[in-house]
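The values are calculated or read from the model by the stated rules, or taken from the named source; none is laboratory data. Just so it is clear, the structure is predicted and the values come from calculations on it, not from any experiment. Heads up, the Cβs are rebuilt from the backbone with ideal geometry, glycines too, and the neighbour counts pull from every protein chain shown. Protein only, heavy atoms only, side chains kept; ligands, DNA and RNA dropped before computing areas. Shrake-Rupley method; radii C 1.70, N 1.55, O 1.52, S 1.80 Å.
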Amino acid sequence: MLKAGVLGAGHLGKIHLKLLKQSTNYELVGFYDANQEAAKIIEAELGYKSFPTMEALIDACNMVDVVTPTIQHFKCAEKVIKAGKHLFIEKPITNTVAEADAIRDLAKKHGVRGQVGQVERFNPAFMAVNHMIENPMFIEAHRLSDFNPRGTDVSVVLDLMIHDIDAILSVVKSKVKNVHASGVSVISDTPDIANARIEFENGCVANLTASRISMKKMRKARFFQKDAYISVDFLEKKCEVVKMKDAPKNPDDFAMVLTNAEGIKKQIYFDNPEVAGNNAILDELDSFAEAIKHNRVPEVSLTQGAEALRVAMLVIENFSEI
């Protein structure tokens with residue numbers, strides 16, 4: 001079992017502590033939080049060992065899970081990697097692209113593994129269909145949430161949209177060509193609602209909308225490709241695949257058959273792949289443990305985390321305020 005520790009014991013940090021304790025891949029040694037008064041309360045109420053310094057926790061671990069505010073990610077990650085310990089770091093990987101590139105290069109130099117906490121990659125609905133997504137040419141994603149002041153230290157792009165950016169980058173095998181975006185600051189100092197049009201060199205276009213001031217929650221993505229339409233509901237953990245294939249000579253009475261202008265007949269097939277229940281955060285942590293044990297590239301590598309941040313920053317840089 002890998003000895004694991006958590007840096008940051010806020011809302012998400014407590015969840016990571018609980019799941020690392022449950023995991024059969026890790027031995028949870030404890031946590032460090034800069035707010036030592038809060039740390040003592042957590043230690044007393046939840047039973048996790050609180051370390052007096054960040055360095056003391058890092059020394060006691062094989063893997064360190066960084067769940068601090070984003071602005072502290074680089075400083076924490078740098079200490080973890082230089083100590084020769086493996087790094088799990090929540091999204092966004094760092095506060096700037098330069099910091100993300102530095103972390104990636106530092107991990108390579110010190111021979112340690114790193115994974116970024118892009119939890120939607122482990123969403124069971126996305127996992128059920130991602131192998132069916134082949135060369136999509138149009139993608140539409142909506143990620144809407146009600147207001148929560150916990151995430152307002154960063155733009156809605158880094159808080160919410162980056163989930164969809166990462167998922168899209170994982171299935172579109174092409175470089176980003178152009179980004180057009182708009183954003184509106186309603187409650188926060190940074191945009192609370194944003195829309196982005198991301199164009200890829202292979203012709204694929206992704207239209208993304210993210211909001212943290214909506215009346216209802218929504219996390220949906222739709223992928224359109226030749227002869228197929230795939231939808232993923234990340235919130236409800238449901239998915240649907242609609243495929244078009246050449247119609248048989250004698251389709252049954254209930255078959256949906258379309259005929260185009262050239263007289264070619266296509267039959268429509270509907271499929272709802274089985275979605276297995278899981279805890280996505282536990283799965284991503286266990287996935288990282290397997291990557292460390294078998295010396296393989298993690299599911300969401302530091303390179304991929306840096307690229308998702310780079311595209312998110314392009315969205316922010318190309319904002320035209322409405």
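Between E37 and M1, the FRET efficiency estimated from the beta carbon spacing at R0 = 41 angstrom works out to 0.85. Pairs of Cα atoms nearer than 8 Å and 6+ residues apart set the relative contact order; for segment 19-123 it is 20 percent. In summary, the convex hull built on the alpha carbon positions of segment 74-233 has an orientation-averaged projected area of 10.3 nm². With both labels modelled 7 Å from their Cα along Cα-to-Cβ, the I187 to M244 distance reads 4.2 nm.
Beta bridges assigned by DSSP with both partners in the chain are antiparallel in approximately 60 percent of cases. Rounded to whole Å, the principal axis extents of the Cα atoms in segment 46-116 read 37, 24, 17, largest first.
Over the Cα atoms of segment 1-69, the radius of gyration divided by the Kirkwood radius equals 0.92; this is the Rg/Rh ratio. Distance between the modelled labels on I264 and R296, one decimal in nanometres: 3.8 nm (7 Å Cα→Cβ projection). Any aspartates and glutamates with Cα under 17 Å of the K79 Cα? List them, leaving off those in the same chain fewer than 8 positions away. Excluding near neighbours in sequence, the set is D33, E55, D59, D65, E90, E99, D101, D105. With all protein chains present, how much of the accessible area of segment 189-322 (probe radius 1.4 Å) comes from carbon and sulfur, to the nearest whole percent? Carbon and sulfur atoms account for 50 percent of the accessible area of segment 189-322. Carbon-plus-sulfur fraction of the accessible area of segment 1-121, 1.4 Å probe, in percent? Carbon plus sulfur share of accessible area: 51 percent. Here each label is just a point 7 Å from Cα along the line to Cβ, and for A98 and M137 those points are 4.1 nm apart. A straight Cα-to-Cα reach below 22 Å connects K175 with the lysines K91, K226, residues fewer than 8 places away in its own chain not being considered. Calculated on C-alpha atoms, the gyration radius of segment 23-62 divided by its Kirkwood radius gives an Rg/Rh of 0.99. A full extension of the chain between K173 and A83 corresponds to an added length of 28.9 nm, given 0.36 nm per residue minus the alpha carbon distance.
For segment 155-224, the extents of the C-alpha atoms along the principal axes are 37, 21, 15 Å, listed from largest to smallest. If you look at the Cα atoms of segment 172-283, you get an Rg and a Dmax of 19.3, 62 Å. The three principal axes of the C-alpha atoms in the chain carry coordinate ranges of 74, 45, 39 Å, sorted with the longest axis first. Short to long, the 5 Å bins of the Cα pair-distance histogram for segment 102-187 hold 2, 9, 18, 19, 18, 16, 12, 4, 1 percent of all pairs. Subtracting the Cα-Cα distance of K108 and Q22 from 0.36 nm times their residue separation leaves 28.0 nm of extension gain. Sorted into 10 angstrom bins from 0, the C-alpha pair distances of segment 96-146 split as 17, 32, 30, 21, 0 percent. Rounded to 0.05, the FRET efficiency of the N202 and V257 pair, given R0 = 25 Å and the Cβ-Cβ distance, is 0.20.
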